[in-house]
Amino acid sequence: MDVRAQVSMVFHLDKCIGCHTCSIACKNIWTDRKGAEYMWWNNVETKPGTGFPRRWEDQAIYRGGWEKDGDTIVLKGAGKAKGLLNLFHNPALPVLDDYYEPYTYQYLNLIEAPAGEDQPTARPVSLITGRPMDIKMGPNWDDDLSGTPDYARQDPNLADLSLSEREALFTIERLAFFYLPRICNHCLNPACVASCPSGALYKRGEDGIVLINQDVCRAWRMCVTACPYKKTYFNWSTGKSEKCILCYPRLEAGLAPACMHSCVGRIRYLGVLLYDAEQLHAAASAPEAELVARQLDLILDPDDPAVAAAARASGVPESTLEAARRSPVYAFVKRFGLALPLHAEFRTLPMLFYVPPLSPVMASLRAGDGEDRPRHAVAKRWDEAGLYDTRMEELFADGACSRLSLRYLARLFAVGDEAAVAMRLRRLLAVRLYRRQQTVGDLDAARLSAALDAAGYTAETAEAVYRLTALAKFDERFVVPPAHRETAIEALEATDERKGAAGFGFNRAPRRP
Amino acid sequence: MNALYDLLFIAFPYVAAVVFVLAGLARWRTVGYTVSSMSSQFLESDRLHPASLLFHWSLLALFLGHAFAFGFPDAVLALNSQPVRLIVHEVVGFSFGLGALLGLAGLLLRRASDPRLRAVTTPMDLVVELLLLVQIALGCWIALGYRWGSSWFAADLSPYLWSLLSGEPRIEAVKELPLVIQLHILGAFVLLALVPFSRLIHAFVPPLHYLARPYQLVLWSRASGSPAATPQAAKARNGLRRLQSAKKV
Ligand code: SF4
Ligand code: SF4
């Protein structure tokens, strides 16, 4: 066993309010620079929707990730032969217009315009050419626009849904959407690393963070194609690719990444997972139906003495092991069985897990029709004329009740396996019922225990899920392993070379030569 | 006159070579950050496609052709000893020249006509693009007007270049060459000297080591790393050492 530690993430989609605070926190720290304006290392998408860059999930266009080739896997749009032959023109490279042209406004004109007949205006100008431009796209152009023909209906994940199911999803009354915040997944089998001809990308052994060495990147652009999540970006000004660095300078100082620290919905969790690197290749090349299960099987139980011994033998420090035991990510992914990876079919073994959304709450507000038909136990009179109906128990019995089609969620989070998603939702629901019983107490005990049984939860587990979901404080949500600087060659630099240098930034202005 | 020839064909090549090696190494070691192909495909991809492929592959072929004639002049002369082979050789070489010329012209037009590309074009980009254009045009002119270039390159130029390399420069043959060819030779050394100061440097960092590398690269910053449980891990760690030593020098 070759046990390695991976700093991993869980995003609890039920809690995301789509405020984009995370994106702004990241932008202000890392990408508020020339050439990086269009990059959103953290972005938040509305689903169903096309995402950023437009239709990024459609690998028929972007050719990202790995594909199965007999017993093994090969890069879909990059690799040794394809990459070297396509150096001079990369046919699957997304271009600026697939993202958007960065712009600003001529604010100065508001103050400095000469007196005249009309109000001065702040025209939008391109941040690339400086010329006035019409804004046609932005980083979250499809925000909340689910249901519209231009966005929601272009979502590649709808391919599995029948026409009527799609229509049902978009009928305005049944309009349902959720937010999908995305950062680099710091994958275990990163396609970006494998695709780089220069060897500029690498995975850090100690914590699994995937980085691009800016001194080695030569703008061959293969990582941009290879990352199926489109989380490597090309800086058009410096001629270097860049990506989410998981705020490693913050992590090394024991702080949570900026997007997580600032998250308003507190949806984000960070912690260590232990995994067996020897099983990596087999898990990544598993048949499609087994992919998710095999990926979850890679993750080892830090409380198992055998695992701990193997981890020590593999050189995992004691403090990292301790962090792994307290990891909220391990709790969500393995102990609670709530979180799933996004698009495991890309075979990069992404290490960012999502708790699929149960929201919107299964409720409908309808006019009371006067008839006194039997109501569900949890349906409430809204007022004399209306009925607020939270028919939670029917979520799985009655497909029509599920606003977000299970098949759609399964496309995103379980390689099409609806049962896997249904199980997660059932568990979320069980916790809700459990809490309802605790706080309101209007459910009968048989119904609650049936729900818990169906979820495979005990009351203690439900309580633990509730605590970690709703009450966890900062240090429970982010369990950052110590960086062990004392034994590290600091950030891959020889310290003596950087002695006297402080802070981050460039030794030299990032200008074109 | 002799002094001028000595200056242009003896002193200048040495200066260019020294500048190329020292300044190139210095840039690679100290500001590796600036060593990049500066691809502009992200801003404009469609028109780059035909022009870039034509230009790069043609230039690569021309470069290898010149290098071969420099390295193995006898083989080239033997190849050319039969008229059919000579003609085929010349036609192939000229086609690549034309390809490079057309490709570069396409690249220049593309750059000039797109405001986004003009925003990322530096004066040095224009200098090397125009110089290259002149250099390739001269080469095509020579191939057409002073045949058979492949033969006299092997017979006259290779010995001159070898004499430069051996430190005992002999420029008698070069002196006798037509002006166009002399300009082509000078152009080559000018371009060589500009490599460390322009984007041309990307031609000298071809990522061929990719072929020998395992796909995944895992780097440990702890000096000890984790004990290599798999040969793959051990290999990856060696990759780190190379990278670190490359950075340290
Ligand atoms: S998400 Fe993309 S950029 Fe991040 S590690 Fe995976 S393949 Fe690489
Ligand atoms: S800050 Fe948190 S709640 Fe707001 S959009 Fe980002 S992930 Fe969602």
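Would you check if B:Leu183 is in the same structural domain as B:Gly97 (by TED's automatic domain parsing), modelled with pLDDT under 95 and surrounded by 14 or more Cβ atoms within 10 Å (Cβ to Cβ)?
no
Would you confirm whether any residue within segment A:37-57 is of a type in the set (D, E, K, R) and under 29 Å from B:Phe55 (Cα atoms)?
Scanning segment A:37-57, I find no residue that is of a type in the set (D, E, K, R) and under 29 Å from B:Phe55 (Cα atoms), so the answer is no.
Exactly one of (1) within 16 Å of ligand 2 (Cβ to nearest atom); (2) not in a loop (DSSP other than H, G, I, E, B) is unmet by A:Val7. Its number?
In the conditions (1) within 16 Å of ligand 2 (Cβ to nearest atom); (2) not in a loop (DSSP other than H, G, I, E, B), A:Val7 misses (1) alone.
On the given criteria, is A:Arg204 at the interface with chain B (Cβ under 9 Å from one of its Cβ atoms), within 16 Å of ligand 1 (Cβ to nearest atom) and crowded, with 19+ Cβ neighbours inside 10 Å?
In short, yes.
Which ranges mark the strands (runs of 3 or more DSSP E) fully within segment A:209-309 that have 2 or more residues being within 16 Å of ligand 2 (Cβ to nearest atom) and touching a Pro at 6+ places or on another chain (Cβ under 8 Å)? Walk me through it before giving the result.
Details: elements: A:210-212, A:232-235, A:240-243, A:268-276.
In segment A:209-309, the matching strands (runs of 3 or more DSSP E) lie at A:268-276.
Only one of A:Thr21, A:Thr46 is open to solvent by 10 Å² or more (accessible area, probe 1.4 Å), among the β-branched types (Val, Ile, Thr) and more than 16 Å from ligand 1 (Cβ to nearest atom); which?
Step by step, each of A:Thr21, A:Thr46 is checked, and only A:Thr21 is open to solvent by 10 Å² or more (accessible area, probe 1.4 Å), among the β-branched types (Val, Ile, Thr) and more than 16 Å from ligand 1 (Cβ to nearest atom).
Step by step: first the residues of segment B:92-129, then only those that are hydroxyl-bearing (Ser, Thr, Tyr) and farther than 17 Å from B:Leu53 by Cα, then the one that is nearest to the other protein chains (Cβ to nearest Cβ). Which residue is that?
This residue is B:Thr122.
Go through (1) under 20 Å from A:Tyr330 (Cα atoms); (2) touching a Cys at 6+ places or on another chain (Cβ under 8 Å) one by one and return the number of the condition A:Ala258 breaks.
Here A:Ala258 meets the rest and fails (1).
Might you check whether a residue that is assigned to a strand (DSSP E or B), open to solvent by less than 10 Å² (accessible area, probe 1.4 Å) and within 14 Å of chain B (Cβ to nearest Cβ) occurs anywhere in segment A:63-74?
Within segment A:63-74, none of the residues are assigned to a strand (DSSP E or B), open to solvent by less than 10 Å² (accessible area, probe 1.4 Å) and within 14 Å of chain B (Cβ to nearest Cβ).
Given the conditions (1) within 14 Å of ligand 2 (Cβ to nearest atom); (2) in a strand (DSSP E or B), report the number of the one that A:Asp14 does not fulfil.
Among (1) within 14 Å of ligand 2 (Cβ to nearest atom); (2) in a strand (DSSP E or B), the lone unmet condition for A:Asp14 is (2).
For the structure I just gave you, tell me whether A:Pro197 is within 16 Å of ligand 1 (Cβ to nearest atom), in contact with a helix residue (DSSP H, G or I) (Cβ under 6 Å, 6 or more places away or on another chain), more than 10 Å from every other protein chain (Cβ to nearest Cβ) and open to solvent by less than 20 Å² (accessible area, probe 1.4 Å).
no
Within segment A:308-327, count every residue that is away from chain B (no Cβ under 14 Å) and over 19 Å from A:Ala483 (Cβ atoms).
1
Do we have A:Val329 as in contact with a Leu (Cβ under 8 Å, 6 or more places away or on another chain), in a helix (DSSP H, G or I), buried (at least 20 other Cβ atoms within 10 Å of the Cβ) and not small (Gly, Ala, Ser) here?
yes
Confirm whether A:Glu57 is in contact with a Leu (Cβ under 9 Å, 6 or more places away or on another chain), more than 14 Å from chain B (Cβ to nearest Cβ) and not in a loop (DSSP other than H, G, I, E, B).
no
Hey, B:Leu43 hits all of (1) of a type outside the set (S, T, N, Q); (2) assigned to a helix (DSSP H, G or I); (3) within 27 Å of B:Leu53 (Cα to Cα) but one; which does it fall short on?
B:Leu43 satisfies all of (1) of a type outside the set (S, T, N, Q); (2) assigned to a helix (DSSP H, G or I); (3) within 27 Å of B:Leu53 (Cα to Cα) except (2).
Each row is one residue, and each column tells you yes or no for (1) open to solvent by 10 Å² or more (accessible area, probe 1.4 Å); (2) within 14 Å of ligand 1 (Cβ to nearest atom).
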| residue | (1), (2) |
| --- | --- |
| A:Pro228 | no, yes |
| A:Asn235 | no, no |
| A:Lys243 | no, yes |
| A:Tyr248 | yes, yes |
| A:Ser262 | yes, no |
| A:Tyr269 | no, no |
| A:Val272 | no, no |
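Looking at (1) of a type outside the set (Gly, Ala, Ser); (2) at pLDDT 95 or above; (3) closer than 20 Å to A:Leu158 by Cβ; (4) open to solvent by 10 Å² or more (accessible area, probe 1.4 Å), which one does A:Arg54 not meet, given that it meets all the others?
Among (1) of a type outside the set (Gly, Ala, Ser); (2) at pLDDT 95 or above; (3) closer than 20 Å to A:Leu158 by Cβ; (4) open to solvent by 10 Å² or more (accessible area, probe 1.4 Å), the lone unmet condition for A:Arg54 is (2).
Scan segment A:211-232 for residues that are at the interface with another protein chain (Cβ under 10 Å from one of its Cβ atoms) and under 22 Å from A:Ala277 (Cα atoms) and jot them down.
Passing the criteria: only A:Leu211.
Considering only residues that are buried (at least 16 other Cβ atoms within 10 Å of the Cβ) and away from every other protein chain (no Cβ under 14 Å), which ones fall in segment A:473-485?
A:Arg477, A:Phe478, A:Val479, A:Val480
The values are calculated or read from the model by the stated rules, or taken from the named source; none is laboratory data. Remember, it's a predicted structure, so these values are computed and weren't measured experimentally. Glycine also receives a Cβ, built like all others from the backbone with ideal geometry; neighbour counts cover every protein chain displayed. The accessibility values were calculated without ligands, DNA or RNA, using every heavy atom of the protein model including side chains. Shrake-Rupley method; radii C 1.70, N 1.55, O 1.52, S 1.80 Å.
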